[in-house]
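What follows is a single structure, written as structure tokens, with notes after it.
The values are calculated or read from the model by the stated rules, or taken from the named source; none is laboratory data. Quick caveat, the model's predicted, so the values are computed rather than measured. Methodologically, a virtual Cβ is constructed for each residue, glycine included, from the backbone with ideal geometry; neighbour enumeration extends over all protein chains shown. With ligands, DNA and RNA removed, areas are computed over all heavy atoms of the protein, side chains included. Shrake-Rupley method; radii C 1.70, N 1.55, O 1.52, S 1.80 Å.
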Amino acid sequence: MYFKKIGVIGGGTMGQGIAEMLAAKGLDVMLVEKTPEKLEYSYDMIETSLDKQLEKWGITQAEKKLILGRIQKVTHFAELSACDMVIETITEDLEAKKQVFAQLDQVCPSNIILASNTSSLSLTELASSTMYPERVIGLHFIHPVSKVDLVEIIRGLKTSDHTFANTKRFVEEVAHKKGIMVYESPGFVSSRMICLLINEALHLVEEGVASAEDIDDAMRIGYSFQYGPLEMADRFGLDSVLAALERMFREFGELKYRPSTVLKKMVRAGHLGVKTEEGFFKYDKDGDRI
């Protein structure tokens, strides 16, 4: 299978990162959002990301123009019929994702792979909303997409060998990332482990063992993490971390997945991390730590 044009549904943090990364690899990207305003905002954020790289001599002005030129802004699903693969990156809401997949099923020919960037939802259940569940697969990219060279490839119950083989080739030969195969399980591998680390860091805050800053420094400096667990949570979105922990707690029934009280309080207060410019730490509008 030849990959040239990829659809990306959802222009949030992950959608922006995936669209930018694919365009930088030379692929044409169709970026989809609900409204023209949201689409424009997502496109502007991708441009901001490229401008930061430009300032650091990471790319040239010509490369920036080429990358942006490969990203097409789309508001109607019907246009995605020309894609070789569609990657859904909307919020972690099972019913909303099922609606997206049901719509894609109507417009995308049966040979087009439909992938979800979900970090914890059931691919089997997502695929059940389509007529061709064998073409549905999970592609869990990790933030920041351009810097993390790993993708979890998740097989649902009915995902075909053909779909898996082509998706793995896309990840490794087109996106140039390491693809690991994961059988469907709540949280897969990376989310399940990182959410537990974040939850334990939250318990340390709650118990007053150390400050948020010192807890993050312990892991960042002591164990060579790019970000400490609390800044990681801010960047993932505290609401997303809470939703993932609650889902795993329901599925496994084990106390270790029960979300920390401090996490619930932060979410109720609307301090969701980078997206609201305040979580355990403060951030500017570009997502840089203040």
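Taking the criterion of being surrounded by 15 or more Cβ atoms within 10 Å (Cβ to Cβ) and in a helix (DSSP H, G or I), the residues of the stretch 263-274 that qualify are Leu263, Lys264, Met266, Val267, Val274.
Listed here are the residues, each with its yes/no results for (1) of a type in the set (Ser, Thr, Tyr); (2) at pLDDT below 95; (3) open to solvent by 60 Å² or more (accessible area, probe 1.4 Å); (4) touching a strand residue (DSSP E or B) at 6+ places or on another chain (Cβ under 9 Å).
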residue: Met1; (1), (2), (3), (4): no, yes, yes, yes
residue: Lys5; (1), (2), (3), (4): no, no, no, yes
residue: Gly11; (1), (2), (3), (4): no, yes, no, yes
residue: Gln16; (1), (2), (3), (4): no, no, no, yes
residue: Val29; (1), (2), (3), (4): no, no, no, yes
residue: Thr48; (1), (2), (3), (4): yes, yes, no, no
residue: Lys65; (1), (2), (3), (4): no, no, yes, no
residue: Glu92; (1), (2), (3), (4): no, yes, no, no
residue: Phe101; (1), (2), (3), (4): no, no, no, yes
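When Glu277 is tested against the conditions (1) surrounded by 14 or more Cβ atoms within 10 Å (Cβ to Cβ); (2) closer than 23 Å to Gly187 by Cα, the lone failure is (2). Within the stretch 59-78, residues that are aromatic (Phe, Trp, Tyr) sit with their Cβ atoms under 6 Å from residues that are open to solvent by less than 60 Å² (accessible area, probe 1.4 Å), at 6+ positions apart or across chains, in these pairs: Phe77/Val107.
Only a single criterion out of (1) surrounded by 19 or more Cβ atoms within 10 Å (Cβ to Cβ); (2) under 18 Å from the mean Cα position of the chain (by Cα); (3) assigned to a helix (DSSP H, G or I) is not satisfied by Gly187, namely (3).
Residues checked against (1) more than 30 Å from Leu242 (Cβ to Cβ); (2) in contact (Cβ under 8 Å) with a residue 24 or more places away in the chain; (3) out of contact with any helix residue (DSSP H, G or I) (no Cβ under 8 Å at 6 or more places or on another chain):
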residue: Ile9; (1), (2), (3): no, yes, no
residue: Ala24; (1), (2), (3): yes, yes, no
residue: Val29; (1), (2), (3): yes, yes, no
residue: Ser42; (1), (2), (3): no, yes, no
residue: Thr48; (1), (2), (3): no, yes, yes
residue: Trp57; (1), (2), (3): yes, no, yes
residue: Val86; (1), (2), (3): no, yes, no
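Inside the stretch 107-130, can you point out the residues that are in contact with a Ser or Thr (Cβ under 7 Å, 6 or more places away or on another chain) and part of a helix (DSSP H, G or I)? The answer is Val107, Leu123, Leu126.
Of the residues making up the stretch 251-284, those that are basic (Lys, Arg), under 22 Å from the mean Cα position of the chain (by Cα) and at pLDDT 95 or above are Lys264, Lys282.
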